[in-house]
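Input: a single structure, listed below in structure tokens.
The values are calculated or read from the model by the stated rules, or taken from the named source; none is laboratory data. Owing to the predicted nature of the structure, the values given are computational and were not obtained by experimental measurement. Here the Cβ positions follow ideal geometry from the backbone for every residue, glycine too, while neighbour counts run over all protein chains shown. Remember, those area values only see protein heavy atoms, side chains included, never the ligands or the DNA or RNA. Shrake-Rupley method; radii C 1.70, N 1.55, O 1.52, S 1.80 Å.
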Amino acid sequence: MDQDEEESLEQTADDLFLTAVLFESALGLLALLLGWLLGPDTRAMVPEPDAAGAGAVASGLAYGCAAAIPIVILIELVRRIPWEPVRELERLSKDGVIQTLLSLSGAELIVISLCAGVGEELLFRGWLLPWLATGGEVATEVTQVEWAFALVASSIAFGLVHPFTKLYFFLAALMGLYFGVLLLWTDNLLIPIAAHATYDAAQLLMTKFTKDDG
């Protein structure tokens with residue numbers, strides 16, 4: 001690779017990094033806007049970072065990071081299944097955009113993962129899930145059936161924005177279900193945010209280092 005090609009790749013990688021950060025951040029801003037316009041408040045299940053909420057913030061981040069471990073293990077097990085849809089999923093890593101993404105530094109991949117965790121969880125779990133359950137009415141009595149519908153519907157919506165392959169859609173929807181259960185179980189949005197960001201970072205870094213070693 002000559003110098004011009006290296007400079008072109010570096011510029012493309014920088015552009016991709018900026019695009020990814022801005023896009024994921026925009027999802028978070030969209031969630032806040034939708035919560036303000038339609039309700040419910042997207043920040044309702046985010047602990048305040050003050051003295052009273054410091055414990056909930058710390059425990060939410062810690063539990064969220066730990067909650068990423070089962071899905072990291074699950075995906076690694078799925079990747080070892082000798083099945084064509086899995087091989088199709090593996091071939092995604094050879095896509096040009098993915099190759100450029102993996103050329104970023106580990107720190108840059110972590111930043112993208114953090115933005116994805118915050119932006120996507122604010123939108124799908126922080127706003128969409130409770131909005132589907134309540135219709136934006138905070139004082140509404142929500143039944144377990146309504147919460148279950150909202151959980152499944154928001155998870156399918158999450159899968160639909162990851163339509164790379166049929167298996168990818170299914171796994172993304174399954175993860176959305178998992179993140180939603182974490183939220184409903186704990187009432188702490190920081191837990192799915194941390195779990196999502198940790199999972200993304202783990203997958204990106206493992207794929208990058210495997211590629212570099214190869």
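Worth pointing out:
- Of the set (1) under 18 Å from the mean Cα position of the chain (by Cα); (2) surrounded by 14 or more Cβ atoms within 10 Å (Cβ to Cβ); (3) assigned to a helix (DSSP H, G or I), all apply to MET206 but (2).
So that you can scan it fast, the table gives a plain yes or no per residue for (1) open to solvent by less than 50 Å² (accessible area, probe 1.4 Å); (2) under 16 Å from LEU189 (Cα atoms); (3) in a helix (DSSP H, G or I); (4) of a type in the set (Lys, Arg):
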site: LEU33; (1), (2), (3), (4): no, no, yes, no
site: VAL46; (1), (2), (3), (4): yes, yes, no, no
site: GLY60; (1), (2), (3), (4): yes, yes, yes, no
site: GLU90; (1), (2), (3), (4): no, no, yes, no
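- Where helices (runs of 4 or more DSSP H) sit wholly within region 101-199, those with at least 1 residues that are surrounded by fewer than 22 Cβ atoms within 10 Å (Cβ to Cβ), under 13 Å from the mean Cα position of the chain (by Cα) and in contact (Cβ under 8 Å) with a residue 60 or more places away in the chain occupy 106-121, 166-186.
- Search result, residues across region 87-120 that are farther than 13 Å from THR207 by Cα, modelled with pLDDT of 95 or more and of a type in the set (Gly, Ala, Ser): ALA107, SER113, ALA116, GLY117, GLY119
- Among the residues of region 49-58, those identified as closer than 21 Å to LEU114 by Cα and either in contact (Cβ under 8 Å) with a residue 12 or more places away in the chain or open to solvent by 70 Å² or more (accessible area, probe 1.4 Å) (or both) are PRO49, ALA56, VAL57.
- Close pairs from region 16-43: first closer than 12 Å to LEU122 by Cβ, partner open to solvent by less than 50 Å² (accessible area, probe 1.4 Å) and of a type in the set (Phe, Trp, Tyr), Cβ under 6 Å, at least 6 apart: ALA31/TRP127; LEU34/TRP127; GLY35/TRP127; THR42/TRP127
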